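A short write-up of the structure that comes next.
Please treat every number below as a calculation from the coordinates, not as lab data. Since we're looking at a predicted model, the values are computed, not measured. Neighbour counts run over all protein chains shown; Cβ positions are idealised from the backbone, glycine included.
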Amino acid sequence: MFTRVSGALMRTAMVFSLVLLPALILPSHALLDPTFIFLLALFFSVFIFFEYSADAPILIEFRDARPYNRLRFLCVAVILLGETAIVNLGNNGGVASQLLYSFGALTFYLLDFGISPLQMMSNFLTMGNSNMAPEIIKAAVGFVFLSSFISVAVFAVILRITEWPSHCRMLNLWVNLPTFEATIGTNPLRRLDKIARINFFLGGLLPFMLPMVSILGLKHFDVSFTLSLHSTVWVIALWGIIPTIYILRGLVLERLTEIMVANNKRHLGGLVSETSASSI
């Protein structure tokens, strides 16, 4: 019990710090309302504490199946930290910020084509950012996309190398899938595989749809808006993080389905062998 609560407290502090991270780096005049930022950080940190201190989670999947959630947290942290450094380049142009800017700008240049999600996101942000240079926006968008792509690739390799989740002792997969009801329907494996495919589909579609729907909605309703540096950081971050989380979840569910199918085949093979031996 003590170990679980202490681990929950550590994760709570990490999440609280992560939400506050952009506000700690950006200049004070570019921030959102400090009270709102604090309450947002407090909400997510309290949620994480209750999820990790409880006997069984309510919403967080694979709580006990490391390194799934650890890699998700690391992905979000890298995106937020790197993107904030790029957006803050005009106020504090260090060597690290310049390097991240170069990576982001190069990624945007290589993927800047007619229906590129990077170009659509850049166009959307340019509509609401009169105080930020378009080059900075493009570099930030490119960096987030590059970080998301690398995160997915690294995660897929780790799943195979570590043979996840076989290294997790005493892992109850159904407890670690609180949002999946295995008793509904006749074939939970088929449903699990279907959910994995839906996650892949959403992960590939959302980078295009989020900026496209936003641009069309603003033009249709003739709405103008202005984004601060702080708002821009979170908008770009969510544009990259949400599809990435969907793809990571799809990879995990697909891997889980493969393991269950293989286990069922071995079980059926054992039953056939026992039946053959008894008949002889």
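Considering only ASN264, LEU192, MET212, the residue lying farthest towards the positive end of the dipole of the chain is ASN264, judged by Cα position with unit charges set on Cβ.
Dividing the C-alpha radius of gyration of region 11-125 by 2.2 N^0.38 Å, with N its residue count, gives 1.29. Counted by neighbouring Cβ atoms within 10 Å, the residues TRP234, TRP239 run from fewest to most as TRP234, TRP239. Taking the longest Cα principal axis of the chain as reference, the axis of helix 95-110 is set at about 80 degrees. In degrees, nearest 10, range 0 to 90: what is the angle between the Cα axis of helix 68-87 and the longest Cα principal axis of the chain? The helix 68-87 is inclined about 10 degrees to the chain. When the charge dipole of the chain is built from unit charges on Cβ atoms (+1 for Lys and Arg, -1 for Asp and Glu) and taken about the Cα centre, the candidate among PRO22, VAL141, CYS75 whose Cα reaches farthest toward its positive end is CYS75. In the set [x] -0.39, -0.70; [y] -0.21, -0.44; [z] -0.33, -0.63, the label that goes with log10 I(q)/I(0) by the Debye sum over Cα atoms at q = 0.07, 0.10 Å⁻¹ computed for this structure is [z].
Ellipticity at 222 nm from helices only: DSSP H runs of n ≥ 4 in the chain, each -39500 (n - 2.57), divided by the residue count, give -26000 deg cm²/dmol. Quick one: angle between helix 34-53 and the longest Cα principal axis of the chain, in degrees between 0 and 90, rounded to 10, please. Computed tilt is about 10 degrees. Only Lys, Arg, Asp and Glu carry charge here, each on its Cβ (+1 for the first two, -1 for the last two); on that basis the chain has a dipole of about 560 debye about its Cα centre. Of the peptides 243-250, 34-41, 208-215, the order by per-residue mean of other Cβ atoms within 10 Å, starting with the highest, comes out as 243-250, 208-215, 34-41. Annotation: the residues ILE79, ILE198, ILE58, ILE25, sorted from fewest to most other C-beta atoms within 10 Å of their own C-beta, follow the order ILE58, ILE198, ILE25, ILE79.
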